[in-house]
Structures are given as C-alpha cells and as structure tokens.
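The values are calculated or read from the model by the stated rules, or taken from the named source; none is laboratory data. Note that the structure is a prediction, hence the values are computed from the model and not measured. Backbone-built Cβ (ideal geometry, glycine too); neighbour counts: all protein chains shown.
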Amino acid sequence: MDRLIIGEVLKPQGIRGELKVKTFTDFPEDVKEFGTVYIDDTPYKILTFRVGPDGAAYMGLRGIPDRNAAELFRGKKLEGNREDAPPLEEGRHYIVDILGLNCETEEGEFLGVVKDIANLASDVYTLEKEGKKILFPSVNGVIVRFDIEGGKIVVNKAKFDEMAVY
C-alpha cells in the first residue's frame, strides 16, 4: 500500500498519552481525515484530535495510554494511506510524487534530480547533480510547471540562477 508522510511527533502532551504533532499537510485538520496513522509500520487509530493555537495537532491514538508510552514516539514520522488522503486542488502535488523527478530549464537543460523538499517559509528544493547539491526556494515563479507523468519539473532559468545556492 502506498503511504504518505503526514507529520512528525514533536513530544508527548499531558499525562494521557496525547502526542503533539507537526503536520506536513496544508491544513493540520487534514491529518484527522486519515482515521488511522502508521508509526514504524504499526497502525494506530486516531481517537482524539484537535489543533492547538500554535498550529500543531494534538492527537490521542489507540494503544498509547499514557505519557511514558507517548515518550517513545518522540521524533517519529506519521504516515497515512494515500487512498485516505484528502483530494488535492488543481496544481498541487504530494512531496512524495515530486521526489526523484528531474529538474530542467524551459530550454531542456538538466539541472539535477529532486532529492528533498524542506517545508520552511517557502518550500526549499534540494537537487543533486554529479554528487553536488543545489538548493533553491519555490518562490517568485522559479518553478514554471510540474510534469509528474513526464518525470520532471521545469524551472525558469533566470529566476533559478538568481535563487539557487550551490
């Protein structure tokens, strides 16, 4: 089954086994729609879910009864089944579908392979070419289009050169 990484456990919350989670979805509430999350390939049913004023998700999972049990999950990734994911708006993509794509200019110049996307103030893409890393933010029209079926993302060369860090 195809899974998406949808969050990371930051720490236990309270004494009842609740977890504070940084979500990797557009809206923290989207995580609740999965119903079941996976941590280290073990399924956990979501029993309680709320979004705090800090934007983090707070969730209680079946099988995590107290703070001591919750502590063991600190730093772990949460995954959800792709089929349970909320539908994406036109032009939006899951990070897992972008990783491994070639990055090239509108003229067809190969710039590297997408190895990572960090979710910061804007998404920061890490490309790899001939063992070297190139980072660039996804801002100001740097990315012209995604061609998931064609296995590539296309960037504006001038804007890419302005923003890229080699």
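Numbers at a glance
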item: Check on LEU72, at negative phi and either polar (S, T, N, Q) or at pLDDT 95 or above (or both); result: yes
item: Filter result (touching a Leu at 6+ places or on another chain (Cβ under 6 Å) and either within 24 Å of ILE95 (Cα to Cα) or buried (at least 18 other Cβ atoms within 10 Å of the Cβ) (or both)) within segment 57-70; result: MET59, GLY60, ALA70
item: Subset of segment 8-56 that is under 15 Å from ARG74 (Cβ atoms), touching a residue at least 40 places away in the same chain (Cβ under 8 Å) and touching a Pro at 6+ places or on another chain (Cβ under 9 Å) - its residue that is surrounded by the fewest Cβ atoms within 10 Å (Cβ to Cβ); result: ALA56
item: Considering residues of segment 143-166 that are over 17 Å from the mean Cα position of the chain (by Cα) and assigned to a loop (DSSP other than H, G, I, E, B) only, the residue surrounded by the fewest Cβ atoms within 10 Å (Cβ to Cβ); result: GLU149
item: Candidates ASN140, ASN119 - the one that is exposed (fewer than 14 other Cβ atoms within 10 Å of the Cβ) and in contact with a helix residue (DSSP H, G or I) (Cβ under 7 Å, 6 or more places away or on another chain); result: ASN140
item: Hey, VAL114 surrounded by 13 or more Cβ atoms within 10 Å (Cβ to Cβ), touching a Ser or Thr at 6+ places or on another chain (Cβ under 9 Å) and within 30 Å of ASP147 (Cα to Cα) or not; result: yes
